[in-house]
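Enquirer: One structure follows; several queries about it will come next.
Nothing in this text is a laboratory measurement; each read-out follows from the coordinates by a stated rule. Computed from a predicted structure; not experimentally measured. Neighbour counts are summed over all protein chains in view; Cβ atoms, including those assigned to glycine, are modelled from backbone coordinates with ideal geometry.
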Amino acid sequence: MALALFVIVAIFTLGGAVGVVATRNVVHAALFLLLSLLGAAGAYLLLFAEFLALVQVLIYGGAVTIVVLFAVMLTRSSEYPRITDNKQWPLGLITATALAVVLGAAFWLAPDVVAEPQAPVFTELGASLFTKWALPFEIASLVLLVALIGAIIIARTQNVAQGETSTEGEG
Amino acid sequence: MVPLLYFQLLGAALFGIGFYGVLARRSAVLIVLSIELMLNAVNINLIAAASYLNGTGRFAAFDGQIIAIFVITVAAAEVGLAFAIILRMYRNRGTVNVDEINLLKW
């Protein structure tokens, strides 16, 4: 039963991933990415990581996909369907396959784990996040703040012709 | 019961596909999407290891899941910044193809 579910989830994840790297339409690529990310959320559920599955659906399925679609819309990437792959794609295919084979072989040759997957106690997860991992947690919040401000400063329209950096009155 | 190895092989395959996307795509948008695939492969591995190896080794008490939360956080920040840069690139050069952004190439 669990194995059948795993096969379904793996097909969704890998199929979506192949769609992302193979399709010529950027919008289709974003939607394939959504499929792949939801498949990954299913894999988290199979691993009894319900919280992570929820976060995955909320952040990736919601926020990231919307941001990607906005970027596609604003850059009109979909109007450039001509050649989406560059000339070195055969080399890239060889390298990526070799990397995947090496990674897979490393996992294959590792000592077998006979353990069963366990579900964390939710309160323990939260307590660990705010005690043992409190410093990384705070740093992550700073990273998000810096990324937010940086994204606004990079992406906002400036009146470059007059060399003006002030944006008052534009909002 | 699904062995841990299957999840790890799934992660390896997903990482390989994302790596191919980064190497072979021209559009910066598609490259960012491929990077997201690679980050997800890492997350699958982290969470699988956390669930199966809980209580063994130095990392115990589902630390893998907490690291995965941080990976998701950084990935979200990365997507926002990456698309801000792509937007600025598009405004300045009129293209998002990385092989046409050759201002620093000599």
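Enquirer: With the cut-off at 1.5 for a/c, could you classify the protein assembly as shown from its C-alpha gyration tensor as rounded, prolate or oblate?
Expert: In terms of gyration-tensor shape, oblate.
Enquirer: With everything on Cα atoms, drop me the angle between helix B:63-93 and the longest principal axis of chain B, reported from 0 to 90° to the nearest 10.
Expert: Rounded to the nearest ten degrees, it is 10.
Enquirer: For chain B, what does the helix formula give at 222 nm: sum of -39500 (n - 2.57) over DSSP H segments with n ≥ 4, over the residue count, nearest 500 deg cm²/dmol?
Expert: The per-residue figure over chain B is -26000 deg cm²/dmol.
Enquirer: Of the residues A:121, A:72, A:20, which exhibits the maximal mean-square fluctuation in a Gaussian network model of chain A defined by a 10 Å Cα contact cut-off?
Expert: Comparing A:121, A:72, A:20 in the GNM, the peak value goes to A:121.
Enquirer: Do the sum for chain A: with -39,500 (n - 2.57) for every DSSP H run of n ≥ 4, divided by all residues, what is the mean residue ellipticity at 222 nm, to the nearest 500 deg cm²/dmol?
Expert: Mean residue ellipticity, 222 nm, calculated: -21500 deg cm²/dmol.
Enquirer: Can you give the angle from 0 to 90° between the axis of helix B:4-24 and the longest principal axis of chain B, with both taken from C-alpha atoms, to the nearest 10?
Expert: So the helix axis and the longest Cα principal axis differ by about 10 degrees.
Enquirer: Taking neighbour counts of Cβ atoms within 10 Å as a proxy for exposure, in what order, fewest first, do B:33, B:81, B:46 appear?
Expert: So the residues, fewest neighbours to most, are B:81, B:46, B:33.
Enquirer: Follow-up question, since we're still on this one. Anyone know which of A:14, A:35, A:109 comes out most mobile in the 10 Å Cα GNM of chain A?
Expert: Of A:14, A:35, A:109, the most mobile in the Gaussian network model is A:109.
Enquirer: For chain A, list the DSSP H helices whose alpha carbon atoms reach 18 Å or more along the long axis and whose average Kyte-Doolittle value is 1.6 or above?
Expert: TM-like helix candidates: A:2-22, A:26-46, A:89-109, A:134-155.
Enquirer: I've got another one for you. Could you work out the mean count of beta carbons from other protein chains within 10 Å of each residue's beta carbon in A:22-30?
Expert: Neighbouring Cβ atoms belonging to other protein chains average 2 per residue here.
Enquirer: Name the residue, out of B:18, B:64, B:80, whose mean-square fluctuation peaks in a Gaussian network model built on chain B with Cα pairs under 10 Å.
Expert: Result for chain B, Cα springs under 10 Å: B:80 fluctuates most.
Enquirer: Something else: By counting other Cβ atoms within 10 Å of each Cβ, how are A:132, B:105 ranked from fewest to most?
Expert: Least to most surrounded, the residues fall as B:105, A:132.
Enquirer: Follow-up question, since we're still on this one. Using the Cα centre of chain B as origin and beta-carbon charges of +1 (Lys, Arg) and -1 (Asp, Glu), tell me which of B:39, B:50, B:20 is placed farthest towards the positive end of the dipole.
Expert: B:20
Enquirer: Go through A:117, A:6, A:20 and say which Cα lies farthest out towards the positive end of the charge dipole of chain A; charges sit on Cβ, +1 for Lys and Arg, -1 for Asp and Glu.
Expert: A:20
Enquirer: By count of other Cβ within 10 Å, fewest leading, how are A:145, B:14 ordered?
Expert: Starting with the residue having the fewest Cβ neighbours, the order is A:145, B:14.
Enquirer: Moving on to the next point. In degrees between 0 and 90, to the nearest 10, how far off the longest principal axis of chain B does helix B:28-52 point, with axes built from Cα atoms?
Expert: Approximately 10 degrees, to the nearest ten.
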